[in-house]
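Participant: Just passing along the structure, written as structure tokens.
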Amino acid sequence: MIRSRRRSQQGIALVVGLIMLVLITVMLLAALNIGTANFRAVSNMQFREEAISAANRAIEQVISSNFTAVPTAEEIVLDVDNDGDNDYTVDIAQPVCVSVAEASFADPSSLALPPTMTVASTWNTVWDIQATVMTGDGLNVSGASVVVRAGVRALLSEAQKNIVCPT
């Protein structure tokens, strides 16, 4: 009677062992898929943060120029990591004059100056600058688009205001 029990149990150990191997394989594949998904999410977040930084850098470059003289759209190519390769292409839309208000009147010390040299002849203008970012080769590898908008105030003379802010 003992021999018949052994023969029936020898095959069961093999089946249980194979089931355990299949379960371990499925768990490893699930862990690999989760790791890959996390890697993609982190890569997309890194692209987004770098793209926002590139857009802000391009907006600062536009603001530091005399953009109010002739507001035009432009394309700025940036090398973020300074390795000699262009990392991002930033499309700056044409700056738009949003509002105009006369600047405060001149200080009492400026009343004796001609109007062209006082603050009273200037206008506070508010500009909207929009930057759209793509990767350096023109392909957006992550499939995401980053758009950054900035508002800028600029003091303009009445003649400049009349040219670029016809409101």
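Taken together, the values in this text are just the output of simple stated rules run on the coordinates, not laboratory data. Just so we're clear, the structure is a prediction, and the values are computed from it rather than from any experiment. Cβ: placed from backbone, ideal geometry, glycine included. Neighbour counts: every protein chain shown.
Participant: Taking H placed 1.01 Å from N in the peptide plane, check which residues at least 5 places from Val80 or on another chain put their amide H under 5 Å from its amide H.
Facilitator: Residues meeting the amide H criterion: Asp87, Tyr88.
Participant: Using the Cβ atoms and a cut-off under 12 Å, what net charge is assigned to the surroundings of Asp128, where Lys and Arg are +1 and Asp and Glu are -1? Display every interim value, and only then the final one.
Facilitator: Numbers: positive: Arg149, Arg153; negative: none.
Summing Lys/Arg as +1 and Asp/Glu as -1 gives +2.
Participant: I'd like the FRET efficiency for Glu74 and Met27, computed as 1/(1 + (r/R0)^6) with the beta carbon distance as r and R0 of 41 Å, rounded to 0.05.
Facilitator: Once the sixth-power term is evaluated, E becomes 0.15.
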